[in-house]
Amino acid sequence: MSRSDLSIDEVRKNQSTSREPPRKCGALDIVISRKMFAGVEGPLTVLRDISLTVQPGEFVCIVGGSGCGKTTFLRILAGLETEYEGCVRLDEQQIAGPDLNRGVVFQEHRLLPWLTVRDNVAFGLSRASSPERSGKVQHYLDLVGLRSFEREYPDRLSGGMSQRVAIARALAGCPEVLLLDEPFASLDALTRIRMQEELLRIWQAEQTTVVLVTHDIEEAVYLADRIVVMSPQPGTIRNLLPVDLPRPRERTSTEFSGIRRAVLDELLAHTVV
Amino acid sequence: MSTAEQNHRLPWKAAAAPAPKSRVRMKKWRFHLSDRLLGWIIPLGILVVWEILARLAVLPPNWLPAPTVIARTIYEMGATGDLWKHVGVTITRVAVGFLVGATAGTLLGGLTGYFSVARKLFDPLLQSLRSVPSIAWVPLFLLWLGIQESSKIALISLGALFPVYLNLSVAMRHVDPKLLEVGKLYRLSSFEMVRRIIFPAVLPQYIVGLRSGLGLAWMFVVAAELLGASSGIGYLMIDGQMTGRAAIILGSVLLFAICGKTTDWMMNAAGTRLLGHRAR
Ligand SMILES: Nc1ncnc2c1ncn2[C@@H]1O[C@H](COP(=O)(O)OP(=O)(O)OP(=O)(O)O)[C@@H](O)[C@H]1O
Ligand SMILES: [Mg+2]
């Protein structure tokens, strides 16, 4: 019997016996009334009137057309953009800048080419003692299935492997929230499906809150507890669609297609052609 | 677990198997070796022809002595200990001048690369100074510092400074901002940022700068010693010219070549070591 036959709650119960202690999940309370950028042709409002609450341990996917401000939104959650009107709180604490309680995976893997896979994963752990650090690195490399590549350099890895190392690096700081910006966009369809399964497994094992940005509607329906549909100019939330399908989800089932259709309709309704 | 384990059995694992890799490396190595042998054919041929022509007195011996005569001259000077004194003096000058110049270049390059204000302040000045042929400074250095060591060191330092400065400054300005953002994400202090991201990122180009700085240090030591010195390989050359002994001049050229090549090789080896897997 494979793990995916278990319900999430059962998996989580089993996980509590594993080496890593269960972490505190982060609850996000997001209000962004306006985010502007200084464009070439004057100031540009990129995000407007966004308000969203993410439950601890929830898996939220954000979909929306190109340029509607998804990356900007995620960067605000990461603390990389701090100039905006509004307030973003993680567990009642206002986010003022980057912190280890939020792990970030960018669209590109952004691994440091001069460090081995192991040292890349350990990058944020310089304050930990050396046995603690190597324990964590081993744990997260096991989790993404790359233990045997720990001594390799990033230029020897495939795109999917690099992205998994980036996920391990983001998880190594034991974040309460994992933020992913189109992490699988550059992968081929087969690898992408495999990575999605792996991400679900990691999410279930690590019990973090996840916010994932994607272009891929199927990916969102497959992964999310809730789908946030964004529309452009200025970027704002159009609709929140819950996905009440049990996992593992069957991509070809009628319910799955139904939700996919609904998300697509929602997106198309706000696209000016 | 089963899905995860299956995921690891992927095609790229097979590609990384050791056997075919080492075979490829072997082939490459043999190819390089024969390349190197090819490179020796012409110089060795020239030496042999030169030797024969000199022996047959086709070439006047006071004009172009045979290679064996040059070798013997060097050997005899080495036996009396004179040679080592001159070589030592020249190497010391290059070492001190290079250290001073590279240090100044590193400081200026680092400063202008890190702070854009410093770049706006210093870069135009340094760029225009760079376009002055450095030999043009000689009279001024002689006036300020006299004919002693310090004017020579100053000239060599100036030669080494610019390539180090330029390479470091440019490399620092072009560190991938996406990697800098990773450092920001992990809340690195400015010092940690330099140590853990900027320095490793600029290292390859910095080493290139150091290597060309060292090359220029050797060029400038020749200039400095030809312009007035009582010791050093350059002095040997002048001495050979004064006393009309071509063997000494040619021997000195050979010594310069050997010394320059050796230090460059050492620098290269150190750089390769520092760069680790990135050196290829
Ligand atoms: N640093 C910046 N300065 C100025 N404008 C910016 C900046 N970053 C983003 N923008 C603008 O903000 C808008 C939203 O960009 P963002 O990258 O958030 O979109 P996105 O939804 O992630 O798009 P994609 O799906 O193509 O990645 C774009 O119009 C972009 O031009
Ligand atoms: Mg984006």
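The values are calculated or read from the model by the stated rules, or taken from the named source; none is laboratory data. Every value quoted in this text rests on a predicted model; they were computed, and no experiment measured them. Neighbour counts run over all protein chains shown; Cβ positions are idealised from the backbone, glycine included. SASA here: full protein model, heavy atoms, side chains in, ligands and nucleic acids out. Shrake-Rupley method; radii C 1.70, N 1.55, O 1.52, S 1.80 Å.
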Checklist entry - For residue B:199 and residue B:140 in the same chain, what is the full-extension length gain: residue separation times 0.36 nm, less their Cα-Cα distance, in nm? => result 17.6 nm
Checklist entry - Relative contact order for segment A:114-174 using alpha-carbon pairs under 8 Å, separation at least 6, rounded to a whole percent? => result 52
Checklist entry - On a 0 to 90 degree scale, rounded to 10, what angle separates helix B:116-130 from the longest Cα axis of chain B? => result 20
Next on the checklist: In chain A, if the dipole is taken from +1 on Lys/Arg beta carbons and -1 on Asp/Glu beta carbons about the Cα centre, which of A:190, A:146, A:234 is farthest to the positive end?
Outcome noted: A:146
Next on the checklist: Need one value: the accessible area of residue A:70 in square angstrom, 1.4 angstrom probe, rounded to the nearest 10.
Outcome noted: 10
Next on the checklist: How large is the accessible surface of residue A:215 in square angstrom, using a 1.4 angstrom probe and rounding to the nearest 10?
Outcome noted: 100
Checklist outcome for this item: Judged on accessible area alone, 1.4 Å probe, highest first, B:52, A:30 line up as B:52, A:30
Item to check | Whether chain B is rounded, prolate or oblate, judged on the alpha carbon gyration tensor where a/c under 1.5 counts as rounded | outcome: oblate
Item to check | Given charges at beta-carbon only (K, R positive; D, E negative), |dipole| of the protein assembly as shown in Debye | outcome: 1660
Item to check | segment B:179-219 versus segment A:132-205: alpha-carbon centroid distance in Å | outcome: 28
Checklist outcome for this item: Here the relative contact order (percent) of chain A, from C-alpha pairs under 8 Å and at least 6 apart, is 26
Checklist entry - Ranked by accessible surface with a 1.4 Å probe, highest first, in what order do A:195, B:193, B:219, B:242 come? => result B:242, B:219, B:193, A:195
Checklist entry - Ignoring ligands, DNA and RNA, how much accessible area is buried between chains A and B, both sides summed, with a 1.4 Å probe, to the nearest 100 Å²? => result 2900
Next on the checklist: If you count only protein heavy atoms with a 1.4 Å probe, what accessible area per residue comes out for chain B, rounded to a whole Å²?
Outcome noted: 60
Item to check | Accessible area (Å², 1.4 Å probe, nearest 10) - residue A:257 | outcome: 50
Item to check | Accessible carbon and sulfur surface of chain B relative to its total accessible area, %, 1.4 Å | outcome: 70
Next on the checklist: Between helix B:233-242 and chain B, what is the angle of the helix's C-alpha long axis to the longest principal axis, kept within 0 to 90° and rounded to the nearest 10?
Outcome noted: 30
Checklist outcome for this item: From DSSP H assignment alone, runs of 4+ in chain B each adding -39500 (n - 2.57), the sum over residues rounded to the nearest 500 puts [θ] at 222 nm at -27000 deg cm²/dmol
Item to check | Whichever aspartates and glutamates have a C-alpha closer than 13 Å to that of residue B:152, once near sequence neighbours (fewer than 8 apart) are set aside | outcome: B:225
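So for chain B, averaging the separation of alpha carbon pairs under 8 Å that are six or more residues apart and normalising by length, what relative contact order in percent results? Let's see the in-between values first.
Numbers: 258 pairs, mean separation 59.5, N = 280.
21 percent.
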Checklist entry - Angle between the Cα long axis of helix B:246-275 and the longest principal axis of chain B, 0 to 90 degrees, nearest 10? => result 10
